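In what follows, a single structure is set out as structure tokens and then discussed.
The values are calculated or read from the model by the stated rules, or taken from the named source; none is laboratory data. What you are looking at is a predicted structure, and each value in this text was computed from that prediction instead of being measured. FYI the Cβ positions are ideal-geometry reconstructions off the backbone, even for glycines, and counts take in every protein chain you see.
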Amino acid sequence: MGLRIAADVKLGEGVRMHGFVNLYGCEIGDGTRIGCFVEIQKGAKVGSRCKVSSHTFICEGVEIGDEVFVGHGVMFTNDRYPKAVGVDGALLESGGWECLPTRVGNGASIGSGSTVLPGVCIGRGAVVGAGSVVTRDVADGATVFGNPAVVRKEGA
Amino acid sequence: MGLRIAADVKLGEGVRMHGFVNLYGCEIGDGTRIGCFVEIQKGAKVGSRCKVSSHTFICEGVEIGDEVFVGHGVMFTNDRYPKAVGVDGALLESGGWECLPTRVGNGASIGSGSTVLPGVCIGRGAVVGAGSVVTRDVADGATVFGNPAVVRKEGA
Amino acid sequence: MGLRIAADVKLGEGVRMHGFVNLYGCEIGDGTRIGCFVEIQKGAKVGSRCKVSSHTFICEGVEIGDEVFVGHGVMFTNDRYPKAVGVDGALLESGGWECLPTRVGNGASIGSGSTVLPGVCIGRGAVVGAGSVVTRDVADGATVFGNPAVVRKEGA
């Protein structure tokens, strides 16, 4: 019930979804599981064997590696200065602002309720604690949390 | 798919919605775009040419101006001391608590993952950074962020 | 529209739901109201005369008492070290990690936009301010808020 999956979505083998998702123009790797109330926009890529938990939003410009855990209610962003309208007063559409790329490395884990600012790189095996606001890059294997998220454990 | 729009909703011209919304008793201005998984309650007003992004909740008592950007997963509130039940033990219904008004001025931008406490006024052209918790008024043109959100750049 | 309620859900009398919910294997007490875009997982228990507001996620291992207010966009968690896959490289399913229990006492109130870390106990009549990240136990009647949530008013 409630799978809204546009024709241009590239779904890998064995992707599982359970209901109330909105996917368009994105690419999802093999064996990944996508929870309820998830939206994934065009141009976003999610790797293989990931868990994308309920209530999460993955926007254009986000590229997530393999075996990544994305918790519940995680909000990615791609625009540092979001506005509703442009200088001409017309609603801004995709392409109407600088879309900053966000990368999440293989095996990383992003805790529930986190917000990820645009343009950051979350390293391989990095851990973002629940409820964090990630404002800068996270090194491979590091653990960060808080608002703003700061390093609590250095990477290996 | 999944547009739950009550008969009492006042929709302006050219309002766009894509799926999974729950709107009742609210008023939406011309040309505004409403993302997926959005709920807007009775008595709420959203102006013209706004973007209300996915996963956002706009409650009774909230009045949003024109050309406002509301990010993803933004939670408005209207009750300073929310409870499930009243002194009689019955579930509290709308009208059963003091509904504090929240105002968002024209051209403001509220970052994704933010929570707005009840009764605040976010000024014209103000910017609320992603992941913020807004606990007090924000002056016209000011930039705030953090939990609690504090002023990072004064208004003009 | 959009009530996805598995056959194994135990619903009390007079439970109200309005649309777009995903419930499976959980137990909901009499007279409780569940908002839109809510997911409640198997093994979770919600008491009687509670309000579970829109956009909230209640996971396995969570037990909520009676007359509890759960705000909008509240994320519960049950795994301290969430991962997408196990050591064998297969996606982790329920049972594949240590599920820490979370308890919320009767009459408590959890503000919108809050995240609750796994294994905490939120006491009877306790108040969690909006936008908080609850990382440790909250005493009966205490008020906490912030990220991390700290005590602002001691319990009675």
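Brief remarks follow.
- Residue satisfying all of: in region B:1-38; among the charged types (D, E, K, R), away from chain A (no Cβ under 11 Å) and under 17 Å from the mean Cα position of the chain (by Cα); nearest to B:Thr56 (Cα to Cα) among these: B:Glu27
- C:Asp79, sole failed condition from (1) within 13 Å of chain A (Cβ to nearest Cβ); (2) within 24 Å of B:Ala84 (Cβ to Cβ); (3) in contact with a Phe, Trp or Tyr (Cβ under 7 Å, 6 or more places away or on another chain): (2)
- Matching residues, region A:36-50, being buried (at least 24 other Cβ atoms within 10 Å of the Cβ) and not β-branched (Val, Ile, Thr): A:Cys36, A:Phe37, A:Glu39, A:Ala44, A:Cys50
- Residue in region A:102-110 that is under 19 Å from B:Phe20 (Cβ atoms) and among the hydroxyl-bearing types (Ser, Thr, Tyr) present: no
- Qualifying residue in region B:46-58 (condition: more than 12 Å from chain C (Cβ to nearest Cβ), under 23 Å from C:Ser112 (Cα atoms), without any contact (Cβ under 8 Å) to a residue 60 or more places away in the chain and among the hydroxyl-bearing types (Ser, Thr, Tyr)): yes
- Number of the condition not met by B:Glu67 [criteria: (1) surrounded by fewer than 21 Cβ atoms within 10 Å (Cβ to Cβ); (2) charged (D, E, K, R); (3) at pLDDT 95 or above]: (1)
- Counted residues, region A:110-126 - those being within 13 Å of chain C (Cβ to nearest Cβ) and crowded, with 24+ Cβ neighbours inside 10 Å: 7
- In region B:135-150, the residue that is farthest from C:Phe145 (Cα to Cα) out of those that are of a type in the set (Gly, Ala, Ser) and more than 9 Å from every other protein chain (Cβ to nearest Cβ) is B:Gly141.
- Tally, over region C:87-109, of residues that are at the interface with chain A (Cβ under 10 Å from one of its Cβ atoms) and over 17 Å from A:Gly35 (Cβ atoms): 2
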